[in-house]
Amino acid sequence: DRSQAAAVRWQEEFHLEQKKASVPRAEAAQPSAPASAAPDLLSRLSSSSQDILSRIKDGSPITQDEWDNLCADLQTQGAMDQADYAYTRGNYHLIPAGTTDPNGNFIPYEHIPGMEKELQRLSAQSAGPSAGLDAYFSDDWQGDPLAYLDSWMTELRDWRDHLGTQHNPDGSRKYPDLRPITEQIDVCQKVSGLISSLISAPSLDKITENA
């Protein structure tokens, strides 16, 4: 369907972006825009994006498409990169499929109960530190993107904690590298902080009042 096709397309584009990158994703990540930069960024966003931000601030529900359009605008303006956009989509989650052991063997991550219900495998090919991505289709969108990101970060932390307790029969850690999941959490925190800084900027009220 359209959602799965979109997920595959974004996964492919993300792979291309990772191949072009000259530094690992974790090192390339940039912090959220400081509050002082919010007015300039707000002024460069489309009127539609400004309206969406105003509605988020007021607590009015927005659609998944509106959220994705806002993030696309923020990416165009350089406030988000390709991975930020891909990892915080409203209609699905792209999550790391696994990691590699010291010998280079791919180790798929075990999914906690409930995750596999709507999990669609896209690829097990290497994608930088993520070693492949899965698309997790979820129905937990309630119109509040900040609550949505908070909920997803909680799920990711629980998943990471669960994997961290798993061991091989010889006592060694079953999953030697959980950084790809931490990377997902960091991206969600970055985007959540960016949106929070924009909706708290006094200039947003002025912009929407003059619209």
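The values are calculated or read from the model by the stated rules, or taken from the named source; none is laboratory data. Model, not experiment: these values are computed from the prediction. Virtual Cβ from ideal backbone geometry, glycine too; neighbours counted across all protein chains shown.
Restricting to helices (runs of 4 or more DSSP H) lying wholly in segment 35-123: which have 2 or more residues that are at pLDDT below 90 and within 20 Å of the chain's Cα centre (by Cα)?
On the way: elements: 38-44, 47-58, 64-76, 82-87.
Ranges flagged: 82-87.
Of all the residues that make up segment 158-211, how many are part of a helix (DSSP H, G or I) and either among the hydroxyl-bearing types (Ser, Thr, Tyr) or on the phi > 0 side of the Ramachandran plot (or both)?
Adding up the residues that qualify gives 6.
Of all residues in segment 61-87, count the ones that are surrounded by fewer than 17 Cβ atoms within 10 Å (Cβ to Cβ) and in contact (Cβ under 8 Å) with a residue 60 or more places away in the chain.
3
Do you know which of the residues in segment 127-182 that are small (Gly, Ala, Ser) and loosely packed, with under 13 Cβ neighbours inside 10 Å is modelled with the highest pLDDT?
GLY171
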